[in-house]
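The values are calculated or read from the model by the stated rules, or taken from the named source; none is laboratory data. Note that this is a predicted model, so its numbers are computed, not measured. Here the Cβ positions follow ideal geometry from the backbone for every residue, glycine too, while neighbour counts run over all protein chains shown.
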Amino acid sequence: MAILVTGGAGFIGSHTCVELLNAGYDVVVMDNYSNSSAESLRRVQELTGKAVRLYEKDIRDADAYAEIFSQNTIDSIIHFAGLKAVGESIQMPVEYYDNNIGGTVELLKAMQKYGCKRIVFSSSATVYGVNNPVPFREDMPTGGTTNPYGTTKYFIERILMDTQAAHPDWNVILLRYFNPIGAHKSGRIGEDPQGIPNNLMPYISQVAVGKLPILHIYGNDYDTPDGTGVRDYIHVVDLAIGHVRAVEKVMQGTGVQIYNLGTGHGISVLELVHAFEKASGVRVPYQIDSRRSGDIPVCYADASKAARELGWKAERGVAEMCEDTWRWQSQNPKGYA
Ligand code: NAD
Ligand code: UD1
């Protein structure tokens, strides 16, 4: 019995593969390496001493599934594969809808064809949109997303709910991630964005390592304690362990369940910068710029449902997130290249 991990070579996928392998699962990865490389999975195997079965395939490729399902007994799927750059999605909505939604539809067709009925999906706190009060709870209304990337997450959630409604013997878990940062303790795997990072933590760490000159902070006039945006940063290893709990749950039979994976606490951009400076001993120069369009002032999770039903809680604090990010970035200044 194996778990099929789409997008398993990526940032969250590679950390999840480590935790799945350590928990004793067989792991099959399907990735087209559009935002990753085989090197991350080579290191996953080196860290765990276990083999991953790799398929360099696109989730939109209907023919790819015959090979994967005939060569493996797939019990459940963790579906990470997708494009995730917000700005790029505004420039290239058709490519985002094709890759993320088209790809998910092909995956679901294959699940129907080969009788695989369990899926855990990577959704995002972005589905809470701009109108809900914090902390975000799973039963709040979703939608009102501010960019095509976010809209793909909202649509895919709906597609998965409709599919489960039509097939009551399917089990679907939607995981809404808050802001994953950090890296594996070993410093061997971590986040390796292509080009200039869109997200805060990789930007900070690339300034610290000297790849970028200065951090741009998008606004210090929000209604928050220091005026900068507040987010719920979660260590990627905690997030990965959350996936192991979700796989255990989806195997027990859940219908559709939705869980926030966050810490339940928000910190500001400046607080994260200062925590990173303390952890790394490196100063991070910054300048205040105007707000980034589509940003909300504050975003953090009510993480109590995952604690109650999955027995999962984030355990690693911000200092550890920064230390682990710095170990990865300083030991791999060019990422996996
Ligand atoms: P990532 O880009 O590092 O990983 C995604 C992986 O999917 C990459 O390895 C990429 O090559 C692969 N991929 C993309 N399109 C594919 C396709 N058509 N066929 C096969 N493989 C394909 O991103 P990540 O940060 O690890 O995110 C994983 C998932 O979690 C994504 O769905 C993302 O939208 C979601 N998510 C991420 C965050 C975050 O902050 N990182 C937050 C919320 C949700
Ligand atoms: C963003 C996406 C979200 C996606 C998530 C993971 C937007 C509006 N939202 O979340 O849909 O799920 O990434 O990919 O883009 N910041 C700076 N300087 C920077 C980068 C960020 O000040 O160079 C600030 C932002 O204004 C925000 C905070 O840092 O207050 C976190 O930003 P980011 O890491 O991009 O995450 P989100 O915006 O929360």
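Scanning region 244-270 for residues that are part of a helix (DSSP H, G or I) and either crowded, with 17+ Cβ neighbours inside 10 Å or modelled with pLDDT under 95 (or both) yields a total of 8. Across region 190-233, the number of residues qualifying as of a type in the set (Asp, Glu) and more than 29 Å from Thr16 (Cα to Cα) comes to 3.
Each row is one residue, and each column tells you yes or no for (1) without any contact (Cβ under 8 Å) to a residue 40 or more places away in the chain; (2) under 22 Å from Ser123 (Cβ atoms); (3) within 13 Å of ligand 1 (Cβ to nearest atom).
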residue	(1), (2), (3)
Met30	no, yes, yes
Leu41	yes, no, yes
Val44	no, no, yes
Gly49	yes, no, no
Arg53	no, no, no
Asp58	no, yes, yes
Tyr65	no, no, yes
Gly82	no, yes, yes
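Among the residues of region 281-313, those identified as of a type outside the set (A, V, I, L, M, F, W, C), more than 16 Å from ligand 1 (Cβ to nearest atom), within 23 Å of Leu270 (Cα to Cα) and over 19 Å from the mean Cα position of the chain (by Cα) are Gly281, Arg283, Pro285, Tyr286, Gln287, Asp289, Ser290, Arg291, Ser293, Pro297. Condition test on Glu56, is it among the acidic types (Asp, Glu) and either in contact with a Lys or Arg (Cβ under 8 Å, 6 or more places away or on another chain) or closer than 27 Å to Ile267 by Cβ (or both)? When the stated conditions are applied, Glu56 does not pass them.
Residue count for region 165-193, restricted to those that are within 20 Å of Glu309 (Cα to Cα) and either within 16 Å of ligand 2 (Cβ to nearest atom) or part of a strand (DSSP E or B) (or both): 8. Of the residues in region 194-243, how many are within 16 Å of ligand 1 (Cβ to nearest atom) and part of a helix (DSSP H, G or I)? Residues that pass the stated criteria total 15. All conditions in (1) within 18 Å of the chain's Cα centre (by Cα); (2) crowded, with 20+ Cβ neighbours inside 10 Å hold for Arg118, with the sole exception of (1).
Within region 128-164, being assigned to a helix (DSSP H, G or I), touching a strand residue (DSSP E or B) at 6+ places or on another chain (Cβ under 8 Å) and aliphatic (A, V, I, L, M) holds for Ile156, Leu160, Met161. If you filter region 205-243 down to residues that are polar (S, T, N, Q) and more than 15 Å from Cys322 (Cβ to Cβ), you find that the one that is surrounded by the fewest Cβ atoms within 10 Å (Cβ to Cβ) is Asn220. Every condition in (1) β-branched (Val, Ile, Thr); (2) within 17 Å of the chain's Cα centre (by Cα); (3) at pLDDT below 95 is met by Ile156 except one, and the failing one is (3). Residue pairs whose Cβ atoms lie under 6 Å apart, sitting 6 or more positions apart in sequence or on different chains, and linking a residue in region 292-321 that is on the phi > 0 side of the Ramachandran plot to a partner that is among the β-branched types (Val, Ile, Thr), are Gly294/Thr146. Of the residues contained in region 196-214, one or more are found to be under 25 Å from Tyr149 (Cα atoms) and of a type in the set (Gly, Ala, Ser).
Annotation note: Cβ proximity below 6 Å between a residue of region 116-133 that is modelled with pLDDT under 95 and a residue that is within 14 Å of ligand 2 (Cβ to nearest atom) and of a type outside the set (A, V, I, L, M, F, W, C) (sequence gap 6+ or interchain) occurs for Val130/Gly144; Asn131/Gly144. Cβ-Cβ contacts under 6 Å between residues 6 or more apart (or on different chains), taken from a first residue in region 175-195 that is under 20 Å from Glu320 (Cβ atoms) to a second residue that is among the hydroxyl-bearing types (Ser, Thr, Tyr) and near ligand 2 (Cβ under 9 Å from one of its atoms), are listed as Tyr177/Ser124; Asn179/Tyr233; Ile181/Tyr233. Name the pairs: first residue in region 1-27 and without any contact (Cβ under 8 Å) to a residue 24 or more places away in the chain, second residue surrounded by fewer than 24 Cβ atoms within 10 Å (Cβ to Cβ) and part of a helix (DSSP H, G or I), Cβ to Cβ under 8 Å, at least 6 apart or on different chains? Every condition considered, no pair remains. Within region 33-85, the set of residues being away from ligand 2 (no atom under 16 Å from the Cβ), under 20 Å from Glu95 (Cα atoms) and touching a Leu at 6+ places or on another chain (Cβ under 8 Å) comprises Ile59 only. For region 289-318, give me each residue that is surrounded by 15 or more Cβ atoms within 10 Å (Cβ to Cβ) and in a strand (DSSP E or B). Residues satisfying the conditions are Val298, Cys299, Ala301.
Taking region 301-322 as the range and being under 26 Å from Gly253 (Cβ atoms) and touching a helix residue (DSSP H, G or I) at 6+ places or on another chain (Cβ under 6 Å) as the test, the residues that pass are Leu310, Trp312, Lys313, Ala314.
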